[in-house]
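Take a look at the structure set out below.
The values are calculated or read from the model by the stated rules, or taken from the named source; none is laboratory data. A quick note: this is a predicted structure, and the numbers were derived from the prediction, not measured. Cβ placement follows ideal geometry from the backbone for every residue including glycine, while neighbour counts extend to all protein chains displayed. Note: accessible area is taken over every heavy atom of the protein model, side chains too, but ligands, DNA and RNA are not part of it. Shrake-Rupley method; radii C 1.70, N 1.55, O 1.52, S 1.80 Å.
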Amino acid sequence: MTAGTAPAPTITPTPAPAPFFTRRTPGGPPGLALFLNAGDPPLPVLRDLVLMLDEEGVDCLELAVPFPDSVTDGPVIRRSARRALDRGVALDDVLAFIADVRPHLAHLRIALLADWSHSLKHRDLPAATREIAASGADGLLIHALPPRLRETHLESAAAAGLPLVTTCYTKSPPPTQAQAAAQASAYLYLVAHYGRSGTAPAAGHAALARTVTALRAHTTSPIAVGFGVSTRQDVEAVGAAGADAAIIGSAAVAAIEHAQDTGTDVTAAFRPFVRSVLPTAPHHTA
């Protein structure tokens, strides 16, 4: 550097998009993500279930660190979170679980969902982000992150090389949608309608095509649609709207709940549900 030359500015690297939903082809079936609370079923049972999801060709597991009284979740997911919390499952347990199971997965990706107030508020955010990345999680979605911490969150994830899941609603203002799309480096979670999980948009998921198209202008990351998706027909409607993947939450959690309530082997009972919602011509190879 010559005298009087200013040093080059430090540029924070942006994480490369994680390989979520990479086998979505034009006109082909959409990818599939399932939401579950870590600890419901108990973690040893969940391990077998996650390996089964990988075998069946599910693309992504949105794995939540359980937290209580979510205002965006319906009663099915709230009951599931309470069961997991009653079993004492917390962030460190979930990270240990991911570290154990992740090396055994050929295709399934794990996106960790953590609530800011319950799981992260009392931790150093950059350090916690490094721990999450080190566990082997493929992506991170922080629920209810205070806006004042958004830049710290983005910088921490970039430094840790941890791709981010961002969210927006179909009714979010265009600048909000554009920002969420631009900041998605794992995938963009498009919430199909404003309300609680488990409820479907009145016009159906295929009506989201215009929103999906608009979001494409702001991101090269996959777009996944959730809320009210519970059947194969819903998944295929999401694909018809141009999205890369569909996310099933309440219906999956309800199937887990039913198996536990009836004393059925959870993994064995959940496999037919998975097969029932996989889109036509499912892909089962890694």
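Rounded to the nearest whole Å², what accessible area per residue is found for the chain with the 1.4 Å probe?
With all protein chains present, the chain gives 44 Å² per residue.
For helix 174-183, report the angle its Cα long axis makes with the longest principal axis of the Cα atoms of the chain; keep it between 0 and 90° and round to the nearest 10°.
That helix lies at roughly 90 degrees to the long axis.
With N set to the number of residues, divide the alpha-carbon radius of gyration of region 33-190 by 2.2 N^0.38 Å and report two decimals.
Ratio of Rg to 2.2 N^0.38 Å for region 33-190: 1.00.
Assigning unit charges at the beta carbon (Lys, Arg +1; Asp, Glu -1) and nothing else, what dipole magnitude in debye, to the nearest 20, does the chain show about its Cα centre?
640 debye
So, R0 is 30 Å and r is the distance between the beta-carbons of THR262 and HIS104; what FRET efficiency does that work out to, to 0.05?
Once the sixth-power term is evaluated, E becomes 0.60.
On a full-extension model of 0.36 nm per residue, what is the gain between GLU131 and LYS171, subtracting their alpha-carbon distance, rounded to one decimal in nm?
In short, 11.0 nm is gained.
Could you check how much of the accessible area of the chain is carbon and sulfur, as a whole percent, using a 1.4 Å probe? Before the final figure, lay out the partial values.
Numbers: 7010 of 12500 Å².
Roughly 56 percent of what the probe reaches on the chain is carbon or sulfur.
Let's see if you can work this out: charge +1 on each Lys and Arg Cβ, -1 on each Asp and Glu Cβ, no other charges. What is the dipole magnitude of region 59-167 about its Cα centre, in debye to the nearest 20? Please report the intermediate quantities before stating the final value.
Values: 12 positive and 14 negative charges, 45 e Å.
Taking the Cα centre of region 59-167 as origin, the dipole is about 220 debye.
Which value at 222 nm does the chain reach when only helices count, each DSSP H run of 4 or more adding -39,500 (n - 2.57), with the total divided by all residues and rounded to the nearest 500 deg cm²/dmol?
-11500 deg cm²/dmol
Consider a paramagnetic label point 7 Å from the Cα of THR152 along Cα→Cβ; state which residues of region 95-115 have an amide N under 18 Å from it.
From region 95-115, the list is 114-115.
Tell me, what is the percent relative contact order of the chain, built from C-alpha pairs under 8 Å that lie six or more residues apart?
Taking the mean separation of contacting Cα pairs over the length of the chain, I get 24 percent.
If you average 1/r over every pair of different alpha-carbon atoms in the chain and take one over that average, what Kirkwood value in Å do you get?
19.2 Å
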